[in-house]
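This report refers to the structure that appears directly beneath it.
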Amino acid sequence: MATNQPDDLLDPLYGPQTIAAIGNFTASGETVPQPLIAALAAIKAEAAIVNAELNNDLDSVTAQAISDAANEVAAGQHAAQFPIDIFQTGSGTSTNMNVNEVIATLAGRRLANPVHPNDQVNMSQSTNDTFPSAIRIACLGLITAGLLPALDGLVASLRAKALEYGDVVKAGRTHHMDATPILLGDEFHGYADQVDSAADRLRRILPDLGRLPLGGTATGNGLNAPIGFASRVAGRLSDRLDLKLVETDRHFAHQGAQDDLVDLSAQLRGAAVSLFKIANDIRLMASGPRTGFAELIIPPLQAGSSIMPGKSNPVICEVVTQVAAQVIGNDAATAFAGTQGALELNVYMPVIARNVIASIELLTNASASFTTLCIARLEVDRERCQLHAEHTLATAAALNLELGYDVATEIVKAAIVSGRSLRDELAARDIVTGDEINDLLDLTKIATGTITRS
């Protein structure tokens with residue numbers, strides 16, 4: 001990403017609308033996300049060229065100057081020129097005006113002639129169709145280039161661990177209590193399936209996100225946008241960004257409501273829930289090293305305590321679970337914001353943009369670090385897993401087919417009282433032979449569900 005020009009702060013490129021917004025909006029000190037600014041600028045760049053092609057009172061020289069200036073902004077230059085607080089007018093008008101003013105100033109300097117931010121940079125557009133379009137473009141770009149590859153990488157790492165430890169038998173657990181033994185490989189395949197399903201759900205909603213409300217202008221009826229404008233701009237943006245973008249055929253729905261962004265947020269929440277479960281399981285299985293499960297070994301990354309020497313904590317798992325908590329919170333805010341489609345316009349678009357973009361970026365970064373700093377470096381204590389598998393009385397489930405549930409229950413209760421293993425308690429009853437006991441309590445067969453009636 002290009003850096004700010006050194007004189008940006010000393011030589012503001014924005015104008016009176018931005019200055020007014022800076023004074024009015026002071027809630028958070030958090031500015032509009034750069035991916036959203038970049039998407040807005042990309043729209044301006046392609047809109048200028050299309051406006052000139054349609055002979056819409058914009059000459060080709062001015063259009064090219066606007067497009068070139070917008071491309072600078074889209075590339076990340078002049079980032080300090082976008083200081084407006086994210087908690088602003090609910091349509092995002094102030095940020096749209098901010099982008100228009102900066103581009104107009106840059107284009108005017110190129111031409112040595114003034115360029116009007118509204119009449120020329122904003123030609124055939126309004127905030128009400130460009131801002132929601134920019135949110136979708138920003139989200140699509142971040143998902144396709146960042147989040148989906150990160151999730152796919154996590155899936156691959158989980159699959160690799162599932163294969164590496166596919167023969168390890170360990171105790172299963174339900175309700176935080178002992179359950180029938182399972183294979184560690186099956187457990188990790190389950191984690192991979194969770195993440196893979198979350199990625200698939202995200203992929204399925206991408207076509208909806210690619211339907212842009214460009215061309216609807218202020219209220220969805222297309223006033224001031226020439227015929228063909230929006231479809232041409234969408235086509236140019238699609239080629240430019242390598243994204244599947246088209247003009248929506250549901251302009252009123254895409255401006256009066258933001259249901260597809262609410263759906264996106266819900267799918268991001270779903271991915272967060274999956275990551276939380278996996279990270280939480282891993283830190284439970286790695287708990288110890290002497291008084292916990294201690295079945296998995298997470299390599300220490302840093303000191304875990306300022307007072308307990310040698311302590312190591314599952315820090316990356318803790319990062320992932322905290323990120324999940326934030327994404328779930330972001331979704332709650334987005335869901336409420338989605339309800340605020342008042343007549344022809346949703347007026348909570350900046351907070352929707354903030355939350356979905358933040359969630360995408362958080363999940364992308366957390367998934368990548370989870371993969372490289374935790375999953376890929378996990379080790380297993382095979383002996384500990386075997387010990388737990390042998391000591392769980394839940395293996396009695398394997399006796400049901402041969403002895404029945406009631407008899408198996410009596411044996412378990414007796415083993416609890418006597419302190420003997422299930423194997424020893426069964427042998428003391430003299431109701432099955434030693435070979436039959438070995439077959440019935442074969443941990444690998446139990447873990448793979450292949451115990452059959454003799």
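The table below lists the values:
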| quantity | calculated |
| --- | --- |
| Near pairs, Cβ below 8 angstrom, 6+ apart or cross-chain, from the stretch 356-379 (closer than 27 Å to residue 136 by Cβ) to any residue that is open to solvent by 60 Å² or more (accessible area, probe 1.4 Å) and of a type in the set (Lys, Arg) | 359/269 |
| Verdict on residue 328 being part of a helix (DSSP H, G or I), among the β-branched types (Val, Ile, Thr) and either out of contact with any Cys (no Cβ under 9 Å at 6 or more places or on another chain) or loosely packed, with under 14 Cβ neighbours inside 10 Å (or both) | yes |
| Residue in the stretch 304-322 that is of a type outside the set (Lys, Arg) and under 30 Å from residue 95 (Cα atoms) present | no |
| Which numbered condition residue 175 misses (of (1) open to solvent by 20 Å² or more (accessible area, probe 1.4 Å); (2) in contact with a helix residue (DSSP H, G or I) (Cβ under 9 Å, 6 or more places away or on another chain); (3) over 28 Å from residue 253 (Cα atoms)) | (2) |
| Within the stretch 370-405, tally of residues that are open to solvent by less than 30 Å² (accessible area, probe 1.4 Å) and at pLDDT 95 or above | 7 |
| Residue selected from the stretch 419-444 under the condition among the β-branched types (Val, Ile, Thr) and part of a helix (DSSP H, G or I), by the criterion nearest to residue 167 (Cα to Cα) | 444 |
| When residues of the stretch 309-325 are limited to those that are polar (S, T, N, Q) and open to solvent by less than 60 Å² (accessible area, probe 1.4 Å), the one nearest to the chain's Cα centre (by Cα) | 321 |
| Residue match in the stretch 294-311 (condition: at pLDDT 95 or above and assigned to a helix (DSSP H, G or I)) | no |
| Residue 91 being within 25 Å of residue 355 (Cα to Cα), among the hydroxyl-bearing types (Ser, Thr, Tyr), open to solvent by less than 50 Å² (accessible area, probe 1.4 Å) and assigned to a loop (DSSP other than H, G, I, E, B) | yes |
| Test: residue in the stretch 288-308 that is within 15 Å of the chain's Cα centre (by Cα) and open to solvent by 70 Å² or more (accessible area, probe 1.4 Å) | no |
| Among the residues listed as 99, 121, 73, the single one being under 15 Å from residue 46 (Cβ atoms), open to solvent by less than 40 Å² (accessible area, probe 1.4 Å), free of Cβ contacts under 8 Å to residues at least 40 places away in the same chain and in contact with a Lys or Arg (Cβ under 9 Å, 6 or more places away or on another chain) | 73 |
| Residue satisfying condition, being out of contact with any Pro (no Cβ under 6 Å at 6 or more places or on another chain) and in a helix (DSSP H, G or I), within set 414, 447 | 414 |
| The stretch 331-368 - residue that is among the polar types (S, T, N, Q) and either surrounded by 17 or more Cβ atoms within 10 Å (Cβ to Cβ) or in contact with a Leu (Cβ under 8 Å, 6 or more places away or on another chain) (or both) and, of those, nearest to residue 135 (Cα to Cα) | 355 |
| Flag if residue 397 is out of contact with any helix residue (DSSP H, G or I) (no Cβ under 6 Å at 6 or more places or on another chain), in a helix (DSSP H, G or I) and under 24 Å from residue 281 (Cα atoms) | yes |
| Among (1) over 13 Å from residue 43 (Cα atoms); (2) in contact (Cβ under 8 Å) with a residue 40 or more places away in the chain - the single one residue 223 does not satisfy | (2) |
| Failed condition for residue 166, given (1) surrounded by 17 or more Cβ atoms within 10 Å (Cβ to Cβ); (2) small (Gly, Ala, Ser); (3) touching a strand residue (DSSP E or B) at 6+ places or on another chain (Cβ under 8 Å) | (1) |
| Residue among 147, 142 that is open to solvent by less than 20 Å² (accessible area, probe 1.4 Å) and not β-branched (Val, Ile, Thr) | 147 |
| Filter pass, residue 28 being among the polar types (S, T, N, Q), closer than 17 Å to residue 117 by Cβ and in contact with a strand residue (DSSP E or B) (Cβ under 8 Å, 6 or more places away or on another chain) | no |
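The values are calculated or read from the model by the stated rules, or taken from the named source; none is laboratory data. Not measured: the values here are computed from a predicted model. Please note: Cβ atoms are built from the backbone with ideal geometry, for glycine as well, and neighbour counts cover all protein chains shown. The protein model used for the area step is the full one, side chains on, heavy atoms only, and it has no ligands, DNA or RNA in it. Shrake-Rupley method; radii C 1.70, N 1.55, O 1.52, S 1.80 Å.
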